[in-house]
1. Counting only heavy atoms of protein chains, what accessible area per residue, in Å², does the chain have with a probe of 1.4 Å?
2. Beta carbons within 10 angstrom, averaged per residue: use that to sort the peptides 76-85, 134-143, highest first.
3. Sequence neighbours fewer than 8 away in the same chain don't count; with that in mind, list the lysines whose C-alpha is under 21 Å from LYS214.
4. So if we plug the beta-carbon distance of ASP114 and ARG65 into 1/(1 + (r/R0)^6) with R0 = 22 Å, what FRET efficiency do we get, rounded to 0.05?
5. Report in % the part of the accessible area of the chain that belongs to carbon and sulfur, leaving out ligands and nucleic acids; probe 1.4 Å.
6. Largest first and to the nearest Å, give the Cα extent of the stretch 8-55 along each principal axis.
7. Can you tell me the order of 25-35, 224-234, 52-62 when each peptide is scored by its average per-residue count of other Cβ atoms within 10 angstrom, highest first?
8. Leaving out same-chain residues fewer than 8 places away, which aspartates and glutamates sit with a Cα under 15 Å from that of LYS160?
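The values are calculated or read from the model by the stated rules, or taken from the named source; none is laboratory data. As the structure is a prediction and not an experimental result, all values here were calculated from the model. For neighbour counting, all protein chains shown are included, and Cβ atoms are generated from backbone atoms with ideal geometry for every residue, glycine included. The protein model used for the area step is the full one, side chains on, heavy atoms only, and it has no ligands, DNA or RNA in it. Shrake-Rupley method; radii C 1.70, N 1.55, O 1.52, S 1.80 Å.
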Amino acid sequence: MPGIEYPYLPQGREMKYVASDHPFMVEAALAREELAGDPSFPVGIVMVKDGVVVARAGNGFSRGRQVHVCPRLVLESPTGTGYELCGLHDASGHAEQQVLEGARAAVIEPRGSDLYLFGHWWCCEPCWDAMIEAGIRDVYVVADAHERFSRELVYAQTLKPSFKTVAIEVGDGILRDELAEVVEEIGLRVVENDADVRCVMGDRGMECWPRGSKSAAYTVQGGEWMVRQVRNVLRQL
């Protein structure tokens with residue numbers, strides 16, 4: 001689509017577009033719902049060959065829905081960067097590479113196939129490299145993908161806490177007040193006891209413990225950005 005600046009696009013290739021109700025894009029949307037293992041930015045994909053869907057996958061290694069705190073989101077890494085911080089976001093787990101792996105596991109030759117991607121609007125360099133090497137013909141996204149799947153819109157839908165209450169165990173003072181403020185800012189209540197999540201200051205930093213968990217979901221290191229990063233952790237739980 002003219003006028004769109006992609007973070008990456010190899011020379012001689014282009015993104016192609018179809019409506020969101022295109023039959024193959026509907027299948028990609030279903031793959032996103034059923035297979036995507038990245039809860040913050042789910043993506044689904046299907047491989048189409050000779051007019052038939054021959055493989056399906058989701059990003060996050062096609063693991064399906066799960067709770068996952070991503071360091072990239074905690075640290076607010078710029079788009080397309082910081083994949084090394086999070087194993088779930090490794091390029092090998094992206095939907096494009098997962099569908100290629102799935103096709104090969106099923107002894108399906110991907111050369112000459114098209115891919116329909118739902119949940120994103122561009123493909124990273126490692127994925128393009130893998131698709132080109134595999135002989136993928138064209139990659140399709142929905143016509144308004146660059147708007148529909150912008151970071152801001154997707155995160156507004158996915159980065160919402162699944163719980164209601166937080167206990168802040170840091171003692172009284174400015175830090176507790178700042179933490180209480182961001183907790184309330186994202187629609188949660190601060191309580192003293194029987195909380196859904198406990199935020200505890202320990203030797204390693206601020207640990208967030210969901211109710212019933214045997215380990216902390218994430219540990220935020222101390223520093224000037226700690227309060228903001230705790231907020232980013234809670235939005236993913």
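1. Values: 12080 Å² over 237 residues.
Dividing the accessible area of the chain by its residue count gives 51 Å².
2. So the order, starting with the most tightly packed, is 134-143, 76-85.
3. LYS164
4. On the way: r = 27 Å, r/R0 = 1.22.
Approximately 0.25, to the nearest 0.05.
5. Numbers: 5890 of 12080 Å².
Carbon and sulfur atoms account for 49 percent of the accessible area of the chain.
6. 33, 27, 20
7. On the way: 25-35: 20.6, 224-234: 18.4, 52-62: 22.5.
Ranked by mean Cβ neighbours within 10 Å, highest first: 52-62, 25-35, 224-234.
8. Hits, sequence-local ones excluded: ASP38, GLU152, GLU184, GLU185, ASP196.
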